[in-house]
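Comments concern the structure below.
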Amino acid sequence: MSTSFESIGATGSVVGAAAGTKALRTLYYVRFGFAIVWAVLTLAIATTINPGAAALLVIYPLFDLAAAVIDFRSSGATRPKAPLYVNMGLSLLAAVGLAVAVTSGIPSVLRVWGVWAITAGIVQLIVAILRYRLGGQWAMILSGGISVIAGSGFVLMAGGPKASLTTVAGYAILGGVFFLISAIRLHRLALKG
């Protein structure tokens, strides 16, 4: 999830916007790395819901919550507060929901993950649109849209015979790639400026 730096004026500065852009770029790189490591671990141990898989499932939204808090704090006065607060709340609810869902099985996990993916995807779309002038946000817009579609797929998959946790690992990898693309794009824009 992201913030907006385009409104540089009385409360911000070009230096503050540049620092915020660097912080956002770094956060995107960290999110990419986390998503890849998380997905590999999930693929390795989450064939069933076991204690390790349960921990991984709860850690992912908690990491998203921490990333939103860091994003909020590093964005300065130009951040869009409401979408980031919504993202924080959704991530916290997802962590709690997943902690409960792991006791009921993979279909319940997929339902909770799906609802989280849909709602977080909508928020990501909003934040990326608010940040569009910052640059590097087309990947975040695409990621938000895909998250809504994937979330719907998770909910539908939960009712079918092939419910599997490997799908959430694939979702994390794709999301990580979008963060990497945005980080690289922001890095290139910073070099031009």
Does Ala66 qualify as being at pLDDT 95 or above and either open to solvent by 30 Å² or more (accessible area, probe 1.4 Å) or in contact with a Phe, Trp or Tyr (Cβ under 9 Å, 6 or more places away or on another chain) (or both)?
yes
Would you tally the residues in region 140-160 being under 12 Å from Leu125 (Cβ atoms) and not hydroxyl-bearing (Ser, Thr, Tyr)?
8
Determine whether Tyr29 is among the hydroxyl-bearing types (Ser, Thr, Tyr) and open to solvent by less than 50 Å² (accessible area, probe 1.4 Å).
no
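The values are calculated or read from the model by the stated rules, or taken from the named source; none is laboratory data. Quick caveat, the model's predicted, so the values are computed rather than measured. Note: ideal-geometry Cβ built from the backbone for every residue, glycine included; neighbour counts use all protein chains shown. Heads up: the accessible areas ignore ligands, DNA and RNA and are worked out on the full protein's heavy atoms, side chains in. Shrake-Rupley method; radii C 1.70, N 1.55, O 1.52, S 1.80 Å.
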